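The values are calculated or read from the model by the stated rules, or taken from the named source; none is laboratory data. The shown structure was predicted, so the numbers you read here are calculated from the model rather than taken from an experiment. For accessibility, only protein heavy atoms count, side chains too; no ligands or nucleic acids. Shrake-Rupley method; radii C 1.70, N 1.55, O 1.52, S 1.80 Å.
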Amino acid sequence: MLAPSSAIIDAMNLPHNADATTGLSLAIFCKVVDNYGDIGICWRFARQLRHEHGVAVTLWVDDLRSFQRLCPQLDTAAALQQVDGVTVRHWRGQDGQFAPHEVADIVIEFFACDIPEGYVAAMAQRSPRPVWLNLEGLTAEEWVEGCHTLPSPHPRLPLTKYFFFPGFTARTGGLLREADLAPRRRQFQADPAARQAFLAQLGVQPAEMTGLTVSLFCYPHAPLDALFAAWEAGARPLTCLVPEGVAPEAVARFLGAAPTPGTAATRGQLTVRVIAFVAQPEYDKLLWACDLNFVRGEDSFVRAQWAGRPFVWHIYPQDEKLHHKKLRAFLQRYAPDIDSLCRFSLAWNGAAAPAPDDAAGWGACWQALLANLPGLGERAAAWERQVTEIGDMTGNLLRFASTLRQ
Ligand code: TRH
C-alpha cells in the first residue's frame, strides 16, 4: 500500500490538486529506465508547468538517486517533498487506494510507464474525468505525425488515453523549451566574462579557454579512443570537458588515472579535463560555453539544439539497430546537405565507416567536421528558428489538454 497520501499532504499543508494561479493540477508518473533522460525530461517539464503556467504539479518518480544528480537539493529519503515549487513523490511501485479527489486534472504517464491501478481506478471515478496523456519519446521519423494525439480507449473503464509525441514538425507536439531560455542564452553568449567565469569555476585554465572547447556526453560504446587520437594529432589545441561518469573507461585510458573531477591530462593538442556532473540548469551553460557539444539520449540532444552551437548526437542504442533509422531520420531533417556532419554522426554511432580502429579515417572525418564548424553554427541558428515556430511542447500539450477537458 502507498502511504496514506491525503494525511501526509494535509500534514504538510500542500495542495491536493488545486493551484492558486490557474486552478489546474497535473500529475506526471516517471519510471527511470536508466541513466538521466527519463527524470531529466520530466523534471524540466514539471518546472516549466509550474513556473510558466502556474500549474500545481505532482511528479511521481521511482528513482530519487538519479534525480538527485540533476537536482542536488533533492532529499533521496523523502517520500514527499516540495522542490522548486513542484511536489515530488517517491513512487515505490506499490499500488494502493486513491480517492477521486487525489487525482489531478491532467495525468501524464511518461514513456508508457504503467501508472498505479488504484490511481487509474480513481481516475475513472472522478468527475470530471481527468485528461490522460501518454508522453512518448522523441523521434524525427515521419510516422509520428500520424500517431500524435491518437486516442486509446481503456479496455474496461470509461477512460481514454491520448498519445502525445514531441517532435520537430507542426504536426507533432514540439520540443521542451522554456520561454526565457533563448534570451538567457543570448545574454550569456554575448558576455565573454560570463563564459570565462563559468568555465573557470569548472576548473578550466585560461589558456584552455582560447582554444577549441568541446563538451562530451556520450554512451560508453562511443569510439572515443579513435576520436581522442584524432584530436591529439589535430592542428589546433582542443580542450574536452567530460562530466564525471561519462565513458569512464575510455577517459581513464587517456588520463592514465581515475576520471574524478579536477583530473586532467594533455597529450599533443588535446587536453581532457574531467568536471563535476553539473546540476541541470548549469548543463545548459556548459553547452552555451563550448564551441562544439557531444550530446546523447533525448534531453541533452534537445538542449544542444537550443544552445545555438554545433553538436554531434550519440543516440540511445536500441535492438535491431532501430536507433540508426532514427538517427538517419533526424539527419535527414537537420543536415540533409551537410556531408561532414552526416558522415561524422553516422560513424560516431557505428552506422558507417570509419571503424573505431581506423585512425586515418577518424583523422579525416574530424578534419572535415572541424573545417565546417562555422557552417554548422549557421545551421544551428537556422534550425533553432525553424523549430521555435512550432511552439514549445509544454504549451502545445496544455492547449491539446484543454480541448479534451470536459
Ligand atoms: O542520460 P541519458 O542517456 O538518458 C536517457 C535514458 O537512457 C532513457 O532511458 C532514454 O529513454 C533516453 O536517454 C533516450 O541522456 P539524456 O536524455 O540526454 O539525459 C541526460 C540528462 O542529464 C539531461 O537532462 C541533462 C542532464 N545532465 C546534467 O544535468 N548534468 C550533466 O553534467 C550532464 C552531463 C547531463
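Of the solvent-accessible surface of the chain, computed with a 1.4 Å probe and all protein chains present, 52% belongs to carbon and sulfur.
If you build the Cα gyration tensor of segment 181-388 and take the root of 5 times each eigenvalue, what three semi-axes come out, in whole angstrom, biggest first?
Numbers: eigenvalues 109, 96, 52 Å².
Equivalent-ellipsoid dimensions as semi-axes: 23, 22, 16 Å.
As I understand it, the value is the acute angle between the Cα axis of helix 322-334 and the longest principal axis of the Cα atoms of the chain; what does it come to in degrees, rounded to 10? Approximately 80 degrees, to the nearest ten. Which aspartates and glutamates have a Cα less than 13 Å from the Cα of LYS161, not counting those fewer than 8 places away in the same chain? Within reach: GLU109, ASP114, GLU136. So what's the angle, to the nearest 10 degrees on a 0 to 90 scale, between helix 393-404 and the longest Cα principal axis of the chain? It is inclined by approximately 20 degrees. Distant-in-sequence amide contacts of HIS314, defined by a placed amide H-H separation under 5 Å and a gap of 5 or more residues or a different chain, comprise VAL295, ARG296, GLY297.
Its residue count N sets the reference 2.2 N^0.38 Å, and the alpha-carbon radius of gyration of the chain equals 1.03 times that reference.
What number comes out for accessible area per residue over segment 181-388 if the probe is 1.4 Å? Units Å², please. Write down the numbers at each step before the final one.
Working: 8470 Å² over 208 residues.
On a per-residue basis, segment 181-388 sits at 41 Å².
Against the longest principal axis of the chain, how steep is helix 280-289, in degrees 0 to 90 to the nearest 10, with axes from Cα atoms? Computed tilt is about 30 degrees.
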